[in-house]
Amino acid sequence: MNSQQQAEELFTFSNIQNQKVEFYWEGTDYNFTINRLDEVSDDASGNKFFKLKYNIFSALQRQANAVLTFGGAWSNHIYATASTCKKLGLRSIGIIRG
């Protein structure tokens, strides 16, 4: 499997789980669905999934050999980028601010 195929598998929207929640409060039933973005990926969960997806695809389409990103100290974004790049055979460079 090449890197592009791996990225498509890693960033598929079918990985997004929905959780139905029902509760009763002050005489009214409430029902809603939560998109569990915290469970979408081990490496790039939550909004990081959406932030990384298209940048990673762009890097692969341009046949880049590295991805450069900026983040704060203890940045989950830096970790998500590095971990995702490692899985796809890309180098990652993280610039830490602060």
Among residues of region 64-82, those that are surrounded by fewer than 17 Cβ atoms within 10 Å (Cβ to Cβ) and within 13 Å of A7 (Cβ to Cβ), counted
1
What do you reckon, is Y54 within 25 Å of S14 (Cα to Cα), without any contact (Cβ under 8 Å) to a residue 24 or more places away in the chain, out of contact with any strand residue (DSSP E or B) (no Cβ under 6 Å at 6 or more places or on another chain) and outside any strand (DSSP E or B)?
yes
Are any of the residues in region 14-29 surrounded by 14 or more Cβ atoms within 10 Å (Cβ to Cβ), assigned to a strand (DSSP E or B) and among the hydrophobic types (A, V, I, L, M, F, W, C)?
no
For region 31-51, give me each residue that is assigned to a strand (DSSP E or B), out of contact with any Asp or Glu (no Cβ under 7 Å at 6 or more places or on another chain) and not β-branched (V, I, T).
F32, N35, R36
If you go through region 41-73, how many residues are of a type in the set (K, R) and more than 30 Å from N18 (Cβ to Cβ)?
1
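Quick note: the coordinates plus some simple rules give every number you see, no bench work behind them. Fair warning: this is a prediction, and the values are worked out from it, not measured in the lab. Note: ideal-geometry Cβ built from the backbone for every residue, glycine included; neighbour counts use all protein chains shown.
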